[in-house]
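Asks: Attaching a single structure in structure tokens format; questions to follow.
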Amino acid sequence: MLTVSQISKSYKDHNILSDVSLTVKEGECLGLIGESGSGKSTLAKLIVGLDSADSGEITINGIVLREQKGKALKKIRRHIGVVFQDSHASLNPKLPIWKTVAEPLENYPEAIPAYLLEEKADRKKMALHLFKKVGLSDRHLDCYPHQLSGGQRQRAAIARAISIEPKLLILDEPTSSLDVSVQAQILNLLKELKEELGMSFLFISHDIAAVRFMCDQICVLKDGNLLDVFSSAELFEDKRHPYTKQLADTGY
Ligand SMILES: Nc1ncnc2c1ncn2[C@@H]1O[C@H](COP(=O)(O)OP(=O)(O)OP(=O)(O)O)[C@@H](O)[C@H]1O
Ligand SMILES: [Mg+2]
């Protein structure tokens, strides 16, 4: 599904990512864990095209992103959805929330999912359908982002991200800004949607318990270097990298 191959990135002579390679298989959730500043969001930005790598390659279903331009690139990009930690950044403060949720359906009319086609003529109805999928209701449709709780905003950001059925969802600390009880609700929602829509996830988090709950495979990043890659069930095995053990012990 997604292959990141020997990616390096530096900002002003400072190495942020060094030779990072990882693979997210179809239907799989890959967890990426590492301390603050280790380069997790930088990698997410490179994958979604907000920045470009100095070297290395990113491929989606075998197609090298760097080699695509214009319409062809747009066509591939629509298969990658993204949810950031800070939903304020992804939700337009000046628009009622339903418009932001329905925006990708307008930009990619050819990608409107089958279950929304009946309501194709009415974008607000499509938005309501998406709202219900993520546990929001019709009374949230006309709210502005600041009128929703953090959990509701994150639900709206998820609704927008899944609106055109991406094959891959990049989740960059999607629950870090939320209360513990709300975090669990959102993680459960994401898990359900993943099964229902057959998505793959790249799940970025500080929270090793959340990563274990969500993911099949886990990658550990430190100072831009990938130190350890293993299946979730092997987290507490003796052969883990000392740094991974430290993360697992401290519950970091
Ligand atoms: N556009 C940029 N220009 C310069 N430096 C940057 C830029 N983006 C990120 N960095 C630097 O890259 C490093 C890694 O940042 P990044 O956001 O990827 O870390 P992170 O692992 O996501 O951390 P956190 O867990 O706090 O979100 C940091 O030192 C940051 O200052
Ligand atoms: Mg980050």
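The values are calculated or read from the model by the stated rules, or taken from the named source; none is laboratory data. The model shown is predicted, which means the values in this text are computed figures rather than measured ones. Reconstructed Cβ throughout: ideal geometry from the backbone, glycine too, with neighbour counts over all protein chains shown. Surface areas here come from the heavy atoms of the whole protein model, side chains and all, with no ligands, DNA or RNA. Shrake-Rupley method; radii C 1.70, N 1.55, O 1.52, S 1.80 Å.
Asks: Around VAL20, with a cut-off of 12 angstrom between Cβ atoms, what is the net charge of the other residues, counting Lys and Arg +1 and Asp and Glu -1?
Replies: -1
Asks: Between their Cα atoms, which of LYS99/LYS120; LYS94/LYS194; LYS74/LYS191 are more than 20 Å away from each other?
Replies: Distance filter (> 20 Å) returns LYS94/LYS194; LYS74/LYS191.
Asks: For VAL229, tell me the accessible area in Å² from a 1.4 Å probe, rounded to the nearest 10.
Replies: Near enough 80 Å² of accessible area.
Asks: Let me ask something else about it. On alpha carbon coordinates alone, what is the Rg over Rh value for the chain, Rh being the Kirkwood radius?
Replies: Ratio of gyration radius to Kirkwood radius for the chain: 0.97.
Asks: Oh, and also: Quick one: pull the percentage of alpha-carbon pairs in the range 105-252 with a separation above 27 Å.
Replies: Looking at the range 105-252, the distances longer than 27 Å represent 33 percent of pairs.
Asks: Still on this structure, please answer the following. Please give me the summed charge of the neighbours of GLU35: other residues whose Cβ is under 13 Å from its Cβ, Lys and Arg +1, Asp and Glu -1.
Replies: -1
Asks: Cross-link candidates for LYS71: which lysines have Cα within less than 21 Å, leaving aside residues fewer than 8 places away along the same chain?
Replies: LYS45, LYS167
Asks: At a 1.4 Å probe, what is the % contribution of carbon and sulfur to the accessible area of the range 1-116?
Replies: 48
Asks: Continuing with the same structure: With all protein chains present, calculate the accessible area of LYS9 using a 1.4 Å probe and round the result to the nearest 10 Å².
Replies: Estimated to the nearest 10 Å², LYS9 gives 20 Å².
Asks: Also, quick follow-up: Per-residue accessible area for SER176 at 1.4 Å probe radius, Å² rounded to 10?
Replies: For SER176, the solvent-accessible surface is approximately 50 Å².
Asks: To the nearest 20 debye, what charge dipole does the chain have about its Cα centre, counting +1 at the Cβ of each Lys and Arg and -1 at the Cβ of each Asp and Glu?
Replies: Using only the charged Cβ atoms, the result is roughly 860 debye.
Asks: Another question, if that's okay. What is the sum of charges around SER176, taking Lys and Arg as +1, Asp and Glu as -1, for the other residues whose C-beta is under 14 Å from the C-beta of SER176?
Replies: -4
Asks: As a test of the formula, what do you get for the chain when each DSSP H run with n ≥ 4 contributes -39,500 (n - 2.57) and the sum is divided by the residue count, at 222 nm and rounded to the nearest 500 deg cm²/dmol?
Replies: Helix contribution divided over all residues of the chain: -10500 deg cm²/dmol.
Asks: So with the 1.4 Å probe, I'd like the accessible area per residue for the chain, rounded to whole Å².
Replies: Solvent-accessible surface per residue comes out at 48 Å².
Asks: Extent of the range 92-165 along each principal axis, from alpha carbon coordinates, in Å, largest to smallest?
Replies: Cα extents, longest axis first: 31, 22, 18 Å.
Asks: When only C-alpha pairs under 8 Å and at least 6 residues apart count, what is the relative contact order of the chain, in percent?
Replies: 28
Asks: Enter the mean projected area of the convex hull around the alpha-carbon atoms of the range 43-82, in nm², rounded to one decimal.
Replies: Averaging across all directions leaves 2.8 nm² for the Cα convex hull.
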